[in-house]
Every structure is written in structure tokens, then in C-alpha cells.
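The structure appears below as C-alpha cells.
The values are calculated or read from the model by the stated rules, or taken from the named source; none is laboratory data. Since this is a predicted model, take the numbers as computed values, not measurements. In this analysis, Cβ positions are derived from the backbone assuming ideal geometry, glycine residues included, and neighbour counts consider all displayed protein chains. With ligands, DNA and RNA removed, areas are computed over all heavy atoms of the protein, side chains included. Shrake-Rupley method; radii C 1.70, N 1.55, O 1.52, S 1.80 Å.
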Amino acid sequence: MRVATYASHSALQILKGAKGEGFETIAFGNPRVKPLYTRYFPVADYFIEGTYPEERLLELNAVVIPTGSFVAHLGIELVEKMRVPYYGNKEVLKWESDRNLERKWLERAKLRLPRVYDDPDEIDGSVIVKPFGAGGGKGYFLAKSPGDFWKKAERLGIRDKEDLGRVQIQEYVLGVPVYPHYFYSKLNRELELMSIDLRYESNADAIGRIPAKEQLDLEINTNYTVVGNIPLVLRESLLIDIIEAGERTVKAAEEIMGGLWGPFCLEGVFTEELEFVVFEISARIVAGTNPFVHGSPYSWLRYDEPVSTGRRIAMELKQGLEEDRLDEILT
Amino acid sequence: MRVATYASHSALQILKGAKGEGFETIAFGNPRVKPLYTRYFPVADYFIEGTYPEERLLELNAVVIPTGSFVAHLGIELVEKMRVPYYGNKEVLKWESDRNLERKWLERAKLRLPRVYDDPDEIDGSVIVKPFGAGGGKGYFLAKSPGDFWKKAERLGIRDKEDLGRVQIQEYVLGVPVYPHYFYSKLNRELELMSIDLRYESNADAIGRIPAKEQLDLEINTNYTVVGNIPLVLRESLLIDIIEAGERTVKAAEEIMGGLWGPFCLEGVFTEELEFVVFEISARIVAGTNPFVHGSPYSWLRYDEPVSTGRRIAMELKQGLEEDRLDEILT
Amino acid sequence: MRVATYASHSALQILKGAKGEGFETIAFGNPRVKPLYTRYFPVADYFIEGTYPEERLLELNAVVIPTGSFVAHLGIELVEKMRVPYYGNKEVLKWESDRNLERKWLERAKLRLPRVYDDPDEIDGSVIVKPFGAGGGKGYFLAKSPGDFWKKAERLGIRDKEDLGRVQIQEYVLGVPVYPHYFYSKLNRELELMSIDLRYESNADAIGRIPAKEQLDLEINTNYTVVGNIPLVLRESLLIDIIEAGERTVKAAEEIMGGLWGPFCLEGVFTEELEFVVFEISARIVAGTNPFVHGSPYSWLRYDEPVSTGRRIAMELKQGLEEDRLDEILT
């Protein structure tokens, strides 16, 4: 068995982790990045061109570790039909990609979610308005009342309630972003907190360095394109909240979609009242685990060797092999 | 001898460090967090319910490592009366908790402190006004002149000089927050710089990501509730200033309160002129050491193994045991 | 052979790395900092007073590792005349210190640079105006049109085109700062990505924590004095861009100045369109490598031991010694 992943996102960490557990490794993807995975960082034993070179992967006896990039490039439909073994539960894909199903899942897990307004005339606090399909925050705006909403929505051509299908109106929750990274071991039936990060976004993390006066002058708008990740630890008294939120998310997934296993991330903010408000779930490894190639403060607390999320996945595969239980974790 | 601490704040690191030095460990506190210290992160050999289960700790031959959470939950008076051995000098508690005594201590250490204004009519630059007893920055405001002060103070019901007892008026020092973590070994009579962090605060670290125009629109105010910590290294030419400040703080403590030993932190900002202005001292381990479970850039420079502040405490206890000098460091 | 460097900037890391590879080490500089390098962090076997104690360094058979502090304190002319062996290509110094030559170099490397405006009447977007010789951003201002430029320039006494020699007018590129640290091994003819950081600047990183309303009230201006560094990892799909930019920079240097080897850094920002716009090159070790004393996420991917940039330099020296090729890398 060889460990394979799409050559982007968190592939360096996944493949390094797999090598650390004794697996041979395969990166596949755009030939331009081949040197990254074979020369600059020699973590891939094989590099195969293509978004998903199925035949070659089958020949090499590969297991695919999915990442956000892999799913985005291949598309959910094709992922669901993959013949190469896939680490994780493919049922999760449709729950995660549909905004309504995702909300149903997270509500069942009793997470605190931002309120969604169907009717702008019910706005009774700050809201953030997100046009559907806009990437990286383009066209997002804040509003604080029904009147404010209608005035600003006009810029997007939204003039009456019939146009509302084009935007989502969400409670604006002020707080600092926090991304806890979990790993649920289906073999051991145990949840682990692997690490926590903070995203570094362009231009959202640039504007604060510009004085307010200059910002007003230059009429700067915000965008949230992720450029990198910064390591973070959480106030220790908040860890149990975060862990219990993770446990409930796994439990809800067991009830409605046959389980969630491997790495996942709850994406949210902590308010000044120290409440964790969740915006989204990523039901696989997130790039926020990349600062922790050599282990995180949390994984060092649990293990006496450097365990990244990538390596943790490989540990699970190795255990599956040794206990002859791979069929429980591959789909 | 067993190493014990209150189950919060930096207990994971303290107990992990103690285990690394061969001690058995005890966490005590709220039963809700028991799984955090025994299952998710198996660092506690014993978990005991209660804020301070004195009898059980005595039976188990425990030494308590104090943290901010422990002192806050138990209260200074009860800490002073503890029968279980305590790592550190309890005399420090009253110097640290009284704003006037703390200032006396830090002035004696020749630290640069923000000026305090007794009379708002003497305001000759930017000031920050802090209502006493307000947590997390609630009600804080900035003012730039006597007139500005009186206008804004009215919102808090402060109309004349008789009401001034309710607020502190402090020079507003503009600079970036820096938290150096020290360890003073009483056994070796040596100061060490363990690590440095940056706090991640809600909502202070959220507002910079909101464009000035939107901030004005939503009338956002700031709050400084600590949510987490981010690792930082300091410009190397500033290290000697930071270290000398730490040395003077220890020396002043020896002169006026019988010494300061173990971990402590000077909380301040660096101005654009690279001056370190100190706001406060924490005379024990701070949560800002939590990113460094597996050592910090500074502790790796000094040691050839991973030394967190928690582990450094355990190393001191071990040395005390081996040299039969525990009585010098426990009170 | 002993490894020597000026006692500031990144000397702790350089000397620690040299000791890790088995070298004896020398710090030289201001006697005030001697304890930093010999007692608090015992990384220097010798400490010599003086900005550049040539005779003593020759006697001790030293190789000097240059840093920004060393070059700034000694001055380029004296560095060029040094008799003590110097790691790196001294030819680089004049290309790097002259704004026009530096631009020629970086343009040849096909890096995306901010546009420079010779004529303010051609301003057709946001620009940043930098008075020559101003440190840390003093006097910098933003403008968005010719009219806006002339109005604001008047504060600096610039009233007509004859005064323009005193300022540089540069395209204002909005994006988040990113500092990738490279190492080019001349012995192996290989480029390596060592680590990436984010600078922590006073007061630029303080103002975002002040609400817009208060900023306007207090008339705060920005300054960019580096106080420290924060570890960062880059979005994995951007790594190949960064690496190719580094490769082209080395290639251009080989064509025009006889090469660039050892550590260097491209200082730039990532825009919201994920374009890397470069402002400057540092052709030697940068202080941004200091968070990675025990290795970075990138160096852990490549090596199975902790490799800082300082240690990587020592590894190159050791290889040069062993292969009798020191003359290729020392000048």
C-alpha cells in the first residue's frame, strides 16, 4: 500500500508524515510543481501528472488522502465515483457542500451558529451580507438596520425582496477567528485535538496597518484570500469547550451520515464573551495544520514524538493495516 | 513528592514538564475538565475534584505550582494560609495585587512605566482612562486633553474631581505588546529568558480586519479578553534590555519582599523608539508560555532538549530534591 | 577554523548552529551584550570587544558570517576591504545598497516590483511617497491622485517638480507582508526554502487594535520599526512561485555580479490576487529566521534534524572544509 495525495494544499505534510510511518508515497497533479515534492522537499517517491490518474494509482496500490484542493479540482461527483481507496467517509461530501445540510448537521451538534435572516426587515443588529458564489469576500458588506441594508444592497442591484435569493444575510459576530484541528480515530473511537491556527488573509490582515484616516481616504474594501497560516494556542480554559464541540460534531455525523473520521476543522470566532461561534466545517485536513510539520504544542502533549496531522493519518493507516481493519476507514 | 496544579491556565504544560522530569502529577479542579488532563492529554496521574483539596494533596505529598487561575479561584488570603507546600514566594502576592505596591516595586527596578495622572487638568498628551474593577477593557476610553477627558468621562457619570476615585488616568503609550517570560532559579541564582509571546485578544485583534468606514458605521468599541497566544521572537538587539529589566525586577524583589523566584512575566509594549514600557508584572507562570510545550527558540538556544517553562519548574524541583534544598524554594 | 559573527541581529542562531556542527564560535561587538552570548545563551566560545577586531579574528582563524547589523555598523567600504574570510559574495553589497542597481537586479530576475513614478502628475492609482533617508517610515504618506500628492507633499516642503529629488513615489500595493528565507548552496548548486516569517512592527501592528474613531481622534501616524518576528507558513500552492522567484534571483546574480550564495530574503507582499510583489532583497541572513532556532516547518520537511538558517550556513562551511572547497564560498 502506498499513500497518495494531490500535489497542493497540505501534501508536503501528508507525504512527510506517511514516510515517517514507513510508507512509500505518491504525489499527483500539475507537472510544474513536481520539483517541489521531489527535489526541494523530497517527500514523494512517485510523482504522477494529472488531477486524478486513476489507473496508475490503482497499479501502485495507492490510498488517496483527500484535501480541499483535491476535492475542488476533481469535483464532488467524481470523488464519489473514485475506484482508488479513499481515506474518510464520502457521504460527508454532500453534507458539507450544501449550505442547508451543513447547517442541519452543525445545529444537531448543538454548535452556536450565526443567525440567518430570511427577511432583511427583521434585522435587529449588525449583519454581514454575502452574495452567493462570491469568492474571498468580494461584494460582502455590513449593515446595521433594515434601512441600512436596503441602501447598501442597491449597489448590488438588489431593490426588493424578489432579489434576495442572490444574497445570504447573516448575523455579524464580532470576534477573533480560531481554527481548531481535530482528528477522529475510527479505529480507536477517540477524538484528538491536533493543533490550532490563525489564517493570514490578503487584504484583511493588511488594512489594520493603515491608519483609519488613510483608509477612508483611499476607500479600501476588504478581501479574505488566505495567504498563509500562523500557529496559535488557545486559552486553556476554552479547550474543553472546543473538544466537546468536536465530540458532538462527530456524534451528529454518526447519526445522520454514517460517521466522520480522520481530520476535520471547525471554523469560527471567539467573541469577547468567550463564546465559540462556528461558521463552517471542513471535513478533512485543513492547510492550517501546515505550521505543525514537526508537531504542535497539543500533539507534543499527547505523543512523545513529532506528530503532525499528516503523520497522524499515516499512523491510522498503519494501524488499519496491522489490525487488518483498513476496510473500516477506507471508502 | 508529587507535582500538583489547578486544572486550567497552563496546567497541561506544567504537568507534562513534571512528567518529563520523572514526577508523578496531580491536577485538581472542576470535574468537567478531568478528561482534558487524563484522556485527551494524559498528563495527570491523579485528578482530584475541588478548588484546593488540601487534605488529599497533603496525603499525596504534593507541591502546588501556582498559576493565575489558581490564585484567582482560591483568593490571596487562602493562598497565604495554604498548608500544602507552594513553589514560589507568597510575599509576592500582596505586592503584585495592590496597584500602588506593584508600582513601587517596578519603579525600584527602574522600569519605564506609563505616567499616572492624578489631575485630569494636567493631561498633556494622549491618555487611557480605566474604570477600576472593569474587566477586559470595558469602559476604557482614550482622551487627548483635559476638555476631551471631561466630555468623555461624563458618559461614566464622572462630572467633577470628586468622582475621580473611580478611574485611573494613565499615559497612553502607543506600541506593540510584548510579553517576555522569565525564570529565576533561586538554587542557581540565575535568570533565564524562557520565551516570548503575543496575546490574541477578542475583540481587539478582530477590529483591525474591519475597514475604518465600517467600524465608524457600526460604532465598534474595543475589548481585551485573552483568547490565545502566538509565538514571538524579539529583535536580538532588544534582548539585553529585556534581560536587564528582568534582573532589576528580581533584585528589587530581593530588597523589598524576600525575593522573586520561578517564572514571571513583564507585560509591556515596545514603542516605535524601541523603548520597553511596562504595564504590569505577573509573578508566576503566564499562559503565554503555552505555545512552547516542546521548547521555545530561546530555550533551545540554552538547552539541548525541549524545555518549556513548565519543565523548567520541574527541573528546579528535582534539583532541590537532589541537593536537599527544597526548603529554599517552597513556602 | 572558527565561526564568528557580530553580536546582534541573528548571532545567537548563527553561533548555536555552528556549535551544532562542531565549530568553535566567536561573537564580537559591544561589551554590554557579552553576557547574552556567553552566559544567558552560552553559544560563543570567545567574546571579543569591537565592531570588527580584525587582528584577533585572524589569529583565531575566524570566518565571518555577515548580518545586516554587521554591514550597517562596519560600513560597506570597510566590509569590502576585510582581510578576515567572509562567507558570501562581497560584490553583492553594492548591488543591494543602491536602489537603482537593486531594481535592475530584481527586474532581470523578472520579479513583480511596484511601479515607480518619476512624475507625480502621472499618478493613476494609490501611491506611497517615501522621503529619502527617512528611517522606519517617518514622513511616508499615501496619495491617490496628482492633486492629492501635491497637497500632502506641501507638508514636507515640496512645492514643485524641482523638489522631487527628495522623495520616491511608488505604486502603493495593498497586500500582506511575507518574508521567505532562502539558502543557496553554492557547493551543491541547490536552492532551499528555509522558513518564512512575518515582521512585528511598532507602531504599524499596534494601530489596528485601536478603533477607527479613536485613531481619527488621536491623529495617529504609522511607523514601521521592527520589534520582532512571528512564524508563518505560506499557502502550499504559492510555494512554487516563491521558489521560482528565488531561483531567478540567484540566476540573475550569477549573470551580473558573480553569484549570490548563502542565505537571502525577498521582502514583499501578497496581494488579494495572490501575486507576490517584491519591495526589496536582503542578500544575507535576515532576523526573520530567528523563530526557527530548532528548525522550521520547511526545514523539517527536508532534513531529519533541526536545521535553522544559522545551522545551514555551518553545514555549508563544514562541507567546504571536508571537500577542500572553502575558497569557493569565502571571499
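Among the residues in region B:34-49, are any over 23 Å from B:Asn290 (Cβ atoms), modelled with pLDDT of 95 or more and touching a Ser or Thr at 6+ places or on another chain (Cβ under 7 Å)?
Taking every residue of region B:34-49 in turn, none turns out to be over 23 Å from B:Asn290 (Cβ atoms), modelled with pLDDT of 95 or more and touching a Ser or Thr at 6+ places or on another chain (Cβ under 7 Å).
List the residue pairs whose Cβ atoms are under 6 Å apart, where the first residue sits in region A:263-279 and is more than 8 Å from chain B (Cβ to nearest Cβ), the second is open to solvent by 10 Å² or more (accessible area, probe 1.4 Å) and of a type in the set (S, T, N, Q), and the two are 6 or more positions apart or on different chains.
Listed pairs, sorted by first residue: A:Cys265/A:Ser282.
Kindly establish whether B:Lys90 is more than 27 Å from B:Asp327 (Cβ to Cβ) and either open to solvent by 30 Å² or more (accessible area, probe 1.4 Å) or not acidic (Asp, Glu) (or both).
No.
Which one of these does A:Trp150 not meet: (1) in contact with a strand residue (DSSP E or B) (Cβ under 8 Å, 6 or more places away or on another chain); (2) not in a loop (DSSP other than H, G, I, E, B)?
So A:Trp150 meets the others, but not (1).
Tell me yes or no: at least one residue of region B:239-250 is in contact with a Gly (Cβ under 9 Å, 6 or more places away or on another chain), in contact (Cβ under 8 Å) with a residue 12 or more places away in the chain and open to solvent by 10 Å² or more (accessible area, probe 1.4 Å).
Looking for residues that are in contact with a Gly (Cβ under 9 Å, 6 or more places away or on another chain), in contact (Cβ under 8 Å) with a residue 12 or more places away in the chain and open to solvent by 10 Å² or more (accessible area, probe 1.4 Å), one finds none in region B:239-250, hence no.
Can you find a residue that is open to solvent by less than 30 Å² (accessible area, probe 1.4 Å), in contact with a strand residue (DSSP E or B) (Cβ under 7 Å, 6 or more places away or on another chain), of a type outside the set (Asp, Glu) and under 15 Å from C:Ile285 (Cα atoms) anywhere in region C:15-38?
Yes, region C:15-38 has at least one match.
Could you check B:Asp118 against (1) buried (at least 19 other Cβ atoms within 10 Å of the Cβ); (2) modelled with pLDDT under 95 and say which number it fails?
With (1) buried (at least 19 other Cβ atoms within 10 Å of the Cβ); (2) modelled with pLDDT under 95 applied to B:Asp118, the lone miss is (1).
If you take the residues in region C:270-308 that are open to solvent by less than 10 Å² (accessible area, probe 1.4 Å) and in a strand (DSSP E or B), which one is farthest from C:Tyr172 (Cα to Cα)?
C:Ile285
Which residues, counting only those in region B:39-59, are under 21 Å from A:Ser195 (Cβ atoms), touching a strand residue (DSSP E or B) at 6+ places or on another chain (Cβ under 9 Å) and open to solvent by 40 Å² or more (accessible area, probe 1.4 Å)?
Hit for region B:39-59 is B:Arg39, nothing else.
Residue-by-condition table, conditions (1) at the interface with another protein chain (Cβ under 7 Å from one of its Cβ atoms); (2) touching a residue at least 12 places away in the same chain (Cβ under 8 Å); (3) surrounded by fewer than 23 Cβ atoms within 10 Å (Cβ to Cβ):
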position: C:Arg166; (1), (2), (3): no, yes, yes
position: C:Gly175; (1), (2), (3): yes, yes, yes
position: C:Asp197; (1), (2), (3): no, yes, no
position: C:Asn221; (1), (2), (3): yes, no, yes
position: C:Gly228; (1), (2), (3): yes, yes, no
position: C:Leu232; (1), (2), (3): yes, yes, no
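Sort through B:Leu187, B:Leu191 and tell me the only one that's more than 7 Å from every other protein chain (Cβ to nearest Cβ), in a loop (DSSP other than H, G, I, E, B), modelled with pLDDT of 95 or more and touching a helix residue (DSSP H, G or I) at 6+ places or on another chain (Cβ under 7 Å).
B:Leu187
Give region C:144-168 a look and list any residue that's of a type outside the set (Asp, Glu) and touching a Leu at 6+ places or on another chain (Cβ under 9 Å), or say none.
C:Lys144, C:Lys152, C:Ala153, C:Ile158, C:Arg166, C:Val167
Need the failing condition index for B:Ala252 against (1) out of contact with any Asp or Glu (no Cβ under 6 Å at 6 or more places or on another chain); (2) more than 26 Å from B:Arg235 (Cβ to Cβ); (3) assigned to a helix (DSSP H, G or I), just the number.
(2) is the only condition that B:Ala252 fails.
Filter region C:140-162 for residues that are open to solvent by 40 Å² or more (accessible area, probe 1.4 Å) and away from every other protein chain (no Cβ under 13 Å); which is modelled with the highest pLDDT?
Selected residue: C:Trp150.
As an exercise: evaluate A:Asn30 against (1) within 13 Å of chain C (Cβ to nearest Cβ); (2) in contact with a helix residue (DSSP H, G or I) (Cβ under 7 Å, 6 or more places away or on another chain) and give the number of the one condition it does not meet.
Evaluating A:Asn30 over (1) within 13 Å of chain C (Cβ to nearest Cβ); (2) in contact with a helix residue (DSSP H, G or I) (Cβ under 7 Å, 6 or more places away or on another chain) leaves (2) as the failure.
Yes/no matrix, rows are residues, columns are (1) within 20 Å of B:Pro42 (Cα to Cα); (2) not hydroxyl-bearing (Ser, Thr, Tyr):
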site: A:Ile169; (1), (2): no, yes
site: A:Tyr172; (1), (2): no, no
site: A:Pro177; (1), (2): no, yes
site: A:Pro180; (1), (2): yes, yes
site: A:Leu187; (1), (2): yes, yes
site: A:Ala204; (1), (2): no, yes
site: A:Arg209; (1), (2): no, yes
site: A:Lys213; (1), (2): no, yes
site: A:Leu216; (1), (2): no, yes
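Does B:Thr51 satisfy the criteria of being hydroxyl-bearing (Ser, Thr, Tyr) and free of Cβ contacts under 8 Å to residues at least 24 places away in the same chain?
Answer is no for this residue.
Given the conditions (1) within 10 Å of chain B (Cβ to nearest Cβ); (2) modelled with pLDDT under 95; (3) open to solvent by 10 Å² or more (accessible area, probe 1.4 Å), which single one is not true for C:Gly133?
Result: C:Gly133 fails condition (1) only.
For the subset of region A:280-312 comprising residues that are among the hydrophobic types (A, V, I, L, M, F, W, C) and over 16 Å from the mean Cα position of the chain (by Cα), which member is farthest from the other protein chains (Cβ to nearest Cβ)?
A:Val307
Taking C:Ile220 as the residue in question, decide whether it is touching a Leu at 6+ places or on another chain (Cβ under 8 Å) and of a type in the set (A, V, I, L, M, F, W, C).
yes
Could you tell me which residue of region C:199-216 is least open to solvent (accessible area, probe 1.4 Å), considering only residues that are out of contact with any Ser or Thr (no Cβ under 9 Å at 6 or more places or on another chain) and more than 7 Å from chain B (Cβ to nearest Cβ)?
C:Gln215
Give the number of residues within region C:313-331 that are open to solvent by less than 10 Å² (accessible area, probe 1.4 Å) and over 23 Å from the mean Cα position of the chain (by Cα).
The total comes to 1.
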